[in-house]
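Trainee: Here it is: the structure, laid out below.
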Amino acid sequence: MTPDRPKEASARIALDGLCLTLEARPVLRDLDLDLRFRRLGVVGRNGSGKSTLARVIAGLVAPTTGTVRLNGHDLYNDRRAALGEVGILFQNPDHQIIFPTVLEEVAFGLGQLGSSKRKAEAGARETLARFDKAGWAEAPISALSQGQKHLVCLMAVAAMAPRTLILDEPFAGLDIPTRAQLRRYLALFPGAVIHISHAPEDLDDCDTMLWLDKGRIAMVGAGAEVNDAYLDEMARQGARDDISDLPG
Ligand SMILES: Nc1ncnc2c1ncn2[C@@H]1O[C@H](COP(=O)(O)OP(=O)(O)OP(=O)(O)O)[C@@H](O)[C@H]1O
Ligand SMILES: [Mg+2]
C-alpha cells in the first residue's frame, strides 16, 4: 500500500432518494442511507441489486434520480477523485480485464494514478510478490482459469490502494488456500471495504451490514444483527420454491 497517501480507516456512504431504472425496470428503488463503516457487508438474494448498487457507489453508473456520495464525493461526476477513492472488483473478471498479461493488467491502474511505466511495473511486481504470485507476471491472462483471473483483478485493484475497496463476490471460484490468503490480505487492508457476498461466513468481520431486497433496503445496522435476521429470512424462503418466479 502506498505510504505517501493518508488512509482513513472508515468510509461514509450517503444515498439520498437514490433510484436507478435500467431498460424501463426499477432496479434500485428510493434508497436513503447515511452510513459510516470500516467493513460493510452487502447481502440479498440474486437480482436484489447488490452489483448494481456497487457500480453506482463506485461512480460507474449515474442514478436515474437522487444522489450518491462516497466520502463526500460524487464519483460519477468526479472521475479524478474516483481514482484514489475507490477500487471495484467486479463479480465477473471478464468485465474487468483489458490487457494480455498479468503484469500489464496489474500495472495499468498505477499508471492511471500517475506512476511512470517503470514505476507502475515495479509496483505491480511488488503487489504480485505480496500475494505470492511473482511468477505470474508474464503469464498470458487468456491461459488462466476463472478463479486465477479473479485473483488478477483483485491484485490490480489492491495495487492501487484505494481508500475504499468494493468487492463483489471476491471469494467466488477461489480455492481454499487462495481464499485464506485473500482473507489475510483483507484483514490487513487499512482502508474501508464494501464486501458483497452470498456466504455469511465471509462477512463475519463486518461491523455493518446492508440487506437489499428487490432493490430496496430491507435492513441496515450492526453486522451480527442483520446477518441473523437475513439468515432466518433466507431459511424461511428456502423452505418454499420461488426459483421459477421472475422478479416483477
Ligand atoms: N443493464 C441492465 N439492464 C437491465 N436490467 C439490469 C441490468 N443490470 C442489472 N439488471 C437487473 O437488475 C437487477 C439487479 O441486478 P444485480 O446484478 O444488481 O443483482 P445482484 O443482487 O448483484 O444479483 P446476484 O446475487 O445474482 O449477483 C436484476 O433483476 C437484473 O436483471
Ligand atoms: Mg451481483
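Trainee: Of all residues in region 128-150, which are surrounded by 19 or more Cβ atoms within 10 Å (Cβ to Cβ) and closer than 11 Å to Glu105 by Cβ?
Mentor: Leu128, Trp136, Ile141, Lys149
Trainee: Let me ask something additional. Scan region 28-45 for residues that are more than 15 Å from Gly221 (Cβ to Cβ) and either of a type in the set (Lys, Arg) or without any contact (Cβ under 8 Å) to a residue 40 or more places away in the chain (or both) and jot them down.
Mentor: Residues satisfying the conditions are Arg29, Arg45.
Trainee: A further question on this structure: Being within 16 Å of ligand 1 (Cβ to nearest atom), aromatic (Phe, Trp, Tyr) and touching an Asp or Glu at 6+ places or on another chain (Cβ under 8 Å) is the requirement here; does Phe90 meet it?
Mentor: Details: within 16 Å of ligand 1 (Cβ to nearest atom): yes; aromatic (Phe, Trp, Tyr): yes; touching an Asp or Glu at 6+ places or on another chain (Cβ under 8 Å): yes.
Taking the combined requirement at face value, the residue satisfies it.
Trainee: Hey, can you tell me all the residues within region 192-216 that are over 14 Å from Glu169 (Cβ atoms), surrounded by fewer than 20 Cβ atoms within 10 Å (Cβ to Cβ) and touching a strand residue (DSSP E or B) at 6+ places or on another chain (Cβ under 8 Å)?
Mentor: Residues satisfying the conditions are Asp205, Asp207, Asp213, Lys214, Arg216.
Trainee: Testing Asn46 on (1) at pLDDT 95 or above; (2) under 21 Å from Val226 (Cβ atoms); (3) within 16 Å of ligand 2 (Cβ to nearest atom), one condition comes back false. Which one is that?
Mentor: (1)
Trainee: Tell me which residues, restricted to region 81-106, are within 16 Å of ligand 2 (Cβ to nearest atom) and not in a loop (DSSP other than H, G, I, E, B).
Mentor: Ile88, Leu89, Pro93, Asp94, His95, listed by residue number.
Trainee: Applying the selection to region 107-141, what residues are within 20 Å of Ala172 (Cβ to Cβ) and in a helix (DSSP H, G or I)? Let's see the steps before the verdict.
Mentor: In the first step, residues of region 107-141 are kept if they are within 20 Å of Ala172 (Cβ to Cβ); the result is 131, 133, 136, 141.
Correct list: Trp136, Ile141.
Trainee: Within region 81-99, identify whether any single residue is over 20 Å from the mean Cα position of the chain (by Cα) and farther than 30 Å from Glu23 by Cα, and answer yes or no. Write out each step before concluding.
Mentor: Going through region 81-99, the residues over 20 Å from the mean Cα position of the chain (by Cα) turn out to be 99.
Within this subset, residues satisfying the condition of being farther than 30 Å from Glu23 by Cα are 99.
Yes.
Trainee: Take residues that are more than 16 Å from ligand 1 (Cβ to nearest atom) and among the small types (Gly, Ala, Ser) and tell me which of the helices (runs of 4 or more DSSP H) falling wholly in region 144-244 contain 3 or more.
Mentor: Numbers: elements: 146-159, 176-188, 223-238.
In region 144-244, the matching helices (runs of 4 or more DSSP H) lie at 146-159, 223-238.
Trainee: Cβ contacts < 8 Å: first residue farther than 18 Å from Leu151 by Cα, restricted to region 115-140; second residue small (Gly, Ala, Ser) and crowded, with 18+ Cβ neighbours inside 10 Å, any location; separation 6+ or different chain. Result?
Mentor: Qualifying pairs under 8 Å: Ser115/Gly123; Lys117/Ala107; Ala120/Ala107.
Trainee: Sticking with this one: Counting just the residues of region 188-240 that are in contact with a Gly (Cβ under 6 Å, 6 or more places away or on another chain) and of a type in the set (A, V, I, L, M), which one comes out farthest from Asp34 (Cα to Cα)?
Mentor: So the residue we want is Leu203.
The values are calculated or read from the model by the stated rules, or taken from the named source; none is laboratory data. Computed from a prediction, not measured in an experiment: that's the story for all the values here. Because the Cβ atoms are built from the backbone with ideal geometry, glycine has one as well, and the counts that use them run over all protein chains shown.
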